[in-house]
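Okay, so here's the structure we're looking at.
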Amino acid sequence: QVTVPPDAPLETLQQVMTDTGWGQVPVVENGEIIGIVTRTDLLKILAPKQAASGQMNLADKLEASLPPARLALLQIVAEAAQRQQAALYVVGGFVRDLLLERPSLDYDLVVEGDAIALGRALVQQYGGRTTTHRRFGTAKWQIGSIRSKLAEQLSPIGGPPLDESNFPETLDLVSARREFYTHPTALPTVERGSIKLDLHRRDFTINTLAMRLDGHYYGDLHDHWGGLADLQAGLVRVLHSLSFVDDPTRILRAVRFEQRFGYQIEPRTLELLENALSLLDRVSGDRIRHELNHMLQESAWEAMFARMSDLGVFEAIHPALPWDQAAKERMRTGLNARIPPLWAGRPAHQLEHPVQPAAVYLSWLIVLDAGEAVSAANRLRLPGWMSDQIQSAIAIRSMQDEIARMSPSQVVAKFDSQPTLSLVVCDALSNDPNFKQQVKAYFERWQSIQPGTSGYDLRARDIPPGPHYKRVLDALRAAWLDGKISTTEEETALLEDLLDELPADE
Ligand code: CTP
C-alpha cells in the first residue's frame, strides 16, 4: 500500500493515484495513519480553478446522481485519459438529464484522442478485455468478469465497500470523430475530430452538451452548440438544415423528446421536419419499430403518438396506421393487458417473445382489414409470428358475436388453431360478457378436456389409420365438452356407435 506524508504536494498525490490506480491514499505521519485523501477530495480541490473561468461545473451534480461504483469507474477512466493527455467527456443524454435533474445511470463517453489506446491502458491496469472497432475508433471495455476485483480495488479505505453490481457489464469508449455522408443514408465516412465537431453530428442541441472529466477540468460543462439555452427555453432544435436528411428517424426522436420533456420543436426545425417526412420512406421497418418501441416505453407515449399523427408522421410511414381516440384506448388496453399464467400455457414458445409490445401492436392494428394489416405489419417489419397473431386477432374480433353464441365444442374447434396472444388481446378489448366468458372457459377448462380414448386405442382395435381417427376422437371430445357424455362408460358406448357408423372402407 502506497502512503503519503501530510505535507505531500497535490501533484504528488495526483501522481500516486494515477500510477497506482488507487482511489484513496492513506496519509501517514510517524508511522500512523492520520487520514485518507480520496480521489474525490483531490478532484474537488482541483476543479474550482476551472470553474472560475465562468464555465458551469457539474461535479457536485454528478457525484450526487451516480452510485459510488459508477462514479469511481468514471474517475479511473478520467485518470487513464489524463495520462494519455486526452480529454475525456461524458456527453449527450446523460448530461442533459443531469441538468434537468432527471439523472440516468448510463453515460456515453467520448475521448478527444484514441479510445482504443485508452481501452488498452485500462485493461493493462485493471484487467478485463476490450473489443475494438478500428473504423470508428471505438473500444468496448468488458468488465463483467472483473467487477469484484474492481470493487475491492476502488472501495474507500475504512468506508463502505462499493457495490459491485453497480458496475456495468461493459463500458463504451468512443474517439471524438467527424462523420460525413457522401450521399443520404449511406454509411458515413469517418475521421478523427474534436469534441466540438463530434457533437455537431448529433440530432438536437439539447443532446450536444458535454461534461469534461479529466484532471483540472473535472465537471466542466462544454456547451458548443447552444444546448444549455435550448434546454432552458424548452426547445428541440436541430444543429443544421440537413439533420433530418442525414437521418430521418430523427423525426420520431424530435417528437419523443418534445413530448417527454413538455418542450416545443423549434419553428425552423418543425419546418425542416415537415419537409423531410417523405424521406421516412427510405427508413427500414426495423429502425422505425425501434423508435416506436422506445416511445411505447415512455409515460408520455400517447402524447407522442398524437403529435406524430398531427404532423403526418404515421401517414408517411404507412397510410393505414390508425390514430384516434379508439386506437389510443385499445393500445392502452394492450399495454396493460395482463396475461394470466394459466392462459399463457399454449403454445409456450410464443411467450418467450416480448409479449407486451406484441399485445400493443395487435391492439393497434386489429381494426384494419386483413390486407392492410399485412401491409402495415410488413412496413414495420413485425416478426412473422406477430403478423400471424394480428391476422388471427382480426378474424376472431370480426366473429365475436358468433363466438359468443357457440357451443363449447365449437369454441374449442375455433380457438385451438389460434395463437394464444391474439385470444388474450381480443378478450382484453372486448366489452361483450358472453364472448369474454367463452374465452375464459376455453382457457381455464375446455382447452384441456380430452377423451379417454386415444389413437393408440383405435390402433389396438385394428382400425386402419386415416383421417377418420381425428374425426372419431374429435367427436368424442366434442361430446365431453358439450356435456353429452360425462362418464367413461358413456364414452365407450359413443365410441362403439361412431365406429359402427364408419364406412366399410375406413
Ligand atoms: N443520436 C443522433 N441521431 C440518432 C440517434 C442518436 O444524433 N438518430 C445521438 C443523440 O445526440 C444522442 C446520442 O446519439 O444523444 C445517443 O443516443 P440515444 O442513446 O438514443 O440518446 P439519449 O439522448 O441518451 O436518449 P434517451 O434519453 O432516450 O436514452
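Values as computed for the structure displayed
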read-out: Residues being in a strand (DSSP E or B) and acidic (Asp, Glu) - total across the stretch 207-223; value: 1
read-out: Matching residues in the stretch 232-244 - criterion: being within 12 Å of the ligand (Cβ to nearest atom) and in a helix (DSSP H, G or I); value: 243, 244
read-out: Residue count, the stretch 15-38 (criterion: assigned to a helix (DSSP H, G or I) and without any contact (Cβ under 8 Å) to a residue 40 or more places away in the chain); value: 4
read-out: Total residues in the stretch 438-459, condition open to solvent by 80 Å² or more (accessible area, probe 1.4 Å) and farther than 21 Å from residue 419 by Cβ; value: 2
read-out: The lone exception for residue 212 - which of (1) crowded, with 20+ Cβ neighbours inside 10 Å; (2) modelled with pLDDT under 95; (3) more than 12 Å from the ligand (Cβ to nearest atom) it fails; value: (2)
read-out: Helices (runs of 4 or more DSSP H) wholly inside the stretch 250-327 containing at least 1 residues that are modelled with pLDDT of 95 or more and under 22 Å from the mean Cα position of the chain (by Cα); value: 250-261, 285-296, 301-311, 313-317
read-out: Among residues of the stretch 59-96, those that are under 16 Å from residue 228 (Cα atoms) and within 16 Å of the ligand (Cβ to nearest atom), counted; value: 7
read-out: Residue list for the stretch 308-339, filter: within 22 Å of residue 421 (Cα to Cα), among the aliphatic types (A, V, I, L, M) and touching a helix residue (DSSP H, G or I) at 6+ places or on another chain (Cβ under 9 Å); value: 321, 327, 331, 335, 337, 339
read-out: Flag if residue 158 is small (Gly, Ala, Ser), farther than 29 Å from residue 36 by Cβ and either in contact (Cβ under 8 Å) with a residue 40 or more places away in the chain or within 16 Å of the ligand (Cβ to nearest atom) (or both); value: no
read-out: Cβ pairs under 8 Å, 6+ apart, first in the stretch 91-118 and without any contact (Cβ under 8 Å) to a residue 60 or more places away in the chain and among the hydrophobic types (A, V, I, L, M, F, W, C), second open to solvent by less than 10 Å² (accessible area, probe 1.4 Å) and in a helix (DSSP H, G or I); value: 118/77; 118/80; 118/81
read-out: Residue check for residue 459: among the basic types (Lys, Arg) and over 30 Å from residue 361 (Cβ atoms); value: yes
read-out: First in the stretch 260-280 and closer than 10 Å to residue 236 by Cα, second anywhere and within 13 Å of the ligand (Cβ to nearest atom) and not aliphatic (A, V, I, L, M), Cβ under 7 Å, 6 or more apart; value: 263/257; 264/258; 265/258; 266/237; 269/237
read-out: Inter-residue pairs, beta-carbon under 7 Å, first without any contact (Cβ under 8 Å) to a residue 40 or more places away in the chain and in the stretch 245-258, second open to solvent by 30 Å² or more (accessible area, probe 1.4 Å) and more than 7 Å from the ligand (Cβ to nearest atom), 6+ apart; value: 248/282
read-out: Filtered residues of the stretch 474-493 (kept if open to solvent by 40 Å² or more (accessible area, probe 1.4 Å) and either closer than 30 Å to residue 405 by Cβ or hydroxyl-bearing (Ser, Thr, Tyr) (or both)); value: 474, 480, 482, 483, 484, 486, 487, 488, 490, 492, 493
read-out: Per-region count, the stretch 245-264, residues among the polar types (S, T, N, Q) and within 8 Å of the ligand (Cβ to nearest atom); value: 1
read-out: All positions within the stretch 450-470 that are in contact (Cβ under 8 Å) with a residue 24 or more places away in the chain and within 17 Å of residue 502 (Cα to Cα); value: 453, 461, 463, 464, 466, 468
read-out: Whichever residue in the stretch 97-145 is of a type in the set (Gly, Ala, Ser) and crowded, with 16+ Cβ neighbours inside 10 Å and, among such residues, is farthest from the ligand (Cβ to nearest atom); value: 121
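The values are calculated or read from the model by the stated rules, or taken from the named source; none is laboratory data. Quick caveat: nothing in here was measured; it's all calculated off a predicted structure. Note that we place each Cβ from the backbone using ideal geometry, even for glycine, and neighbour counts take in every protein chain shown. The area values use the complete protein model at the heavy-atom level, side chains included, leaving out ligands, DNA and RNA. Shrake-Rupley method; radii C 1.70, N 1.55, O 1.52, S 1.80 Å.
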